[in-house]
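Here's the structure we're looking at; comments come further down.
Just so you know, all these numbers are worked out from the coordinates, no wet-lab data involved. Just so it is clear, the model here is predicted, and its values are computed rather than measured. Don't worry about glycine lacking a Cβ; one is built from the backbone with ideal geometry, like all the others, and counts go over all protein chains shown.
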Amino acid sequence: MAKSRLNTEYQEKYPYPRHQLGRAFLRGGIAFLAGLLTNFDVKGKENLPKEGPLLIVGNHFNFIDSIIPIHVTKYPLEFINDEEMPMAPGLVKFLPGWWKTLKILQGQPNLEAIRASEAILEQKGVLAIMPEGHVHKPPLGEPLPGAAFLALRSGVPIIPIGAYSEDDWDIMGTIIKKHHRPKIVVRIGKPFGPLAAGDINSVPGREDVRRAGQEIMEQIAQQLPPSARGPYLQESASL
């Protein structure tokens, strides 16, 4: 990734890793609750590189899948998340503040979050982002340009993660009505990319961003069952 004076300033503002004590405490709490309330089936951990720089991408079918990169990896993760979180339950809206995520507002330029993300990746950091940008019911939908833009500008490898629930993400309902913990299946794909050589001083064109977004969504779709893939890879073999 070509460097710029501006991003050197952002590296000082957003050193990687950061907030390690608070994040370790929160990670431990997530692990405890995940073990208590859910049955995680994680496949593909062997695909995780030992270190960054890495961009982690995944589907966003429930607020729970936002914490999956924390639960299934050991990286000192940075996150980009929607500041408003309109679909998240009130009880979990404090989590991004505790983790100190990089916040964005849909439909806004979000230059601070973009610069911070690029500075983190320049420091061989690991950054997680949900390309669709908001929680929705399966299947996969159209990506927003943010993940593709970062992938093209940074030129870093990308890890796709697919997560789905065999109990429709209904944690308490499954425990109370079916008397078992809901099963959540997580598939970690092999690294792909980089999608570009990486140049912090260039701006990818609209068509380049579209193609990169398509590639990212197809890689996520490979980790999901056919019913959750939407328009992506419908002819692929079933999981």
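Per-structure values
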quantity	calculated
Per-residue [θ]222 nm for the chain (sum of -39500 (n - 2.57) over DSSP H runs n ≥ 4, rounded to 500)	-9500 deg cm²/dmol
Stretch gain in nm, segment Asp208-Glu112, where the contour uses 0.36 nm per residue and the Cα spacing is subtracted	32.3 nm
Ranked packing of 203-209, 188-194, 97-103, 126-132, most packed first, by mean Cβ within 10 Å	126-132, 188-194, 97-103, 203-209
Hits among lysines - C-alpha to C-alpha of Lys137 under 20 Å, sequence gap 8 or more where chains match	Lys93, Lys183
Assigned charges on the beta-carbon of Lys, Arg, Asp, Glu; the stretch 1-83 dipole about Cα centre (debye)	300
For Ile56, distant residues with modelled amide H under 5 Å away	Leu127, Ala128, Ile129, Ile159
Karplus-derived 3J(HN,Hα), 6.51/-1.76/1.60, for each residue of the stretch 74-81, Hz, glycine and proline x	10, 5, x, 6, 10, 10, 9, 9
Among the listed pairs Lys43/Lys178; Lys100/Lys124; Lys13/Lys100; Lys100/Lys190; Lys13/Lys190; Lys43/Lys190, those beyond 23 Å (Cα-Cα)	Lys43/Lys178; Lys100/Lys190; Lys13/Lys190
Local electrostatic count, Pro225, Cβ distance below 11 Å [Lys/Arg +1, Asp/Glu -1]	+1
Magnitude of the charge dipole, the chain, Cβ model with Lys/Arg +1 and Asp/Glu -1, debye to 20	620
Between the stretch 41-71 and the stretch 99-149, the alpha-carbon center distance in angstrom	14
Sites Leu33 and Glu9, calculated FRET efficiency, Cβ-Cβ separation with R0 41 Å, nearest 0.05	0.60
Antiparallel bridge percentage (DSSP; both residues within the chain; nearest 5)	25
FRET efficiency, Lys124 to Lys178 (Cβ-Cβ, R0 45 Å, nearest 0.05)	0.55
Exposure proxy order (Cβ contacts within 10 Å, fewest to most) of Ile176, Ile104	Ile176, Ile104
Theoretical FRET efficiency, 1/(1+(r/R0)^6), r = Cβ-Cβ of Lys43 and His136, R0 30 Å, to 0.05	0.80
